[in-house]
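J.: Next up is a structure, given as structure tokens.
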Amino acid sequence: DYDPDPGQWKSDRLTADCYDGKLIGTLEFSKGEDSVFGYTLQTSFQDVDLRKFLSDSKMSSGEGDHTTGKMSGSLDIAARLGDNSTRLGACKLSIADMQAGRLSPLSKLLEVLQFREPSKYAFGQMFLDSYIKGDILQVRKLDLSGRSAAFYGSGLADLRTKKLDLGLIARGKRHATADPSVIGSLAEGIGSAVVQIEVIGDFYDPQVITRPLPFLKETLGIFGIPVEPR
């Protein structure tokens, strides 16, 4: 629908095919007081083929380099046309049955943690909760659950420069999106490796820095377990 008085064009029933999945939502263009158009987009999507979604990126040069899975979620975003500094939005997504490709940032993280077996590159679910301001994607919650390990953390990514700055905790297997209790985290830490991870730098070739969590060292000391410095 188009309303000429305010200069507004709106679609309440936006539907689209999206990499073998479906996207539905609303889209509105409107003219501001300075005669510059802005847009508001509110969408939800489901069953998106992650391999096809990433097909134009640097992470898909060979058969074994593809990251696969099914992606669902929502994206709400608004901005003035031609001015990314005005962009505001939020994005939530989940990926089921994800297999990390060899060129993905995740595979490099797993290699640093010495997860060499191909079966350990499979993850049952990934959950992301984030918001967007200008060129910055602020990751409020990143939760990844796999057969051999789980990762939980937050950080940010620059959408223009493709730079990352994430802080993660790696622990034993845990169902994604289920926030661990303090006691639960402590029990997991005693039974398996708990590592603090920083992922920084270029999205396609990030630097991964690992270190044991300070609270885990102190806890093991309470139980009389010696912890050698690294």
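J.: Which distance in nm do the two modelled labels at residue 138 and residue 35 give, with both placed 7 Å along the Cα-to-Cβ direction?
T.: About 3.5 nm separates the two model spin labels.
J.: Report residue 27's accessible area, 1.4 Å probe, all protein chains in place, as a number in Å² to the nearest 10.
T.: Residue 27 has an accessible surface of roughly 40 Å² with all protein chains in place.
J.: For each pair in 92/162; 10/70; 10/162, compute the distance between the two Cα atoms and list the pairs where it is over 21 Å.
T.: 10/70; 10/162
J.: I would also like to ask the following. At a probe size of 1.4 Å, how large is the accessible area of residue 52, to the nearest 10 Å²?
T.: The accessible area comes out at roughly 90 Å².
J.: How much of residue 86 can a 1.4 Å solvent probe reach, expressed as accessible area in Å² and rounded to 10?
T.: Counting only protein heavy atoms, the figure is 50 Å².
J.: Can I ask one more? Nearest 0.05, what FRET efficiency do residue 96 and residue 8 give at R0 = 30 Å with Cβ-Cβ as r?
T.: E between residue 96 and residue 8, to the nearest 0.05, is 0.20.
J.: Of 28, 33, which has the most accessible area with a 1.4 Å probe, and how do the rest follow in descending order?
T.: Greatest to least solvent exposure: 33, 28.
The values are calculated or read from the model by the stated rules, or taken from the named source; none is laboratory data. Just so you know, these numbers come straight off a predicted model, no measurement behind them. Heads up, the Cβs are rebuilt from the backbone with ideal geometry, glycines too, and the neighbour counts pull from every protein chain shown. The accessibility values were calculated without ligands, DNA or RNA, using every heavy atom of the protein model including side chains. Shrake-Rupley method; radii C 1.70, N 1.55, O 1.52, S 1.80 Å.
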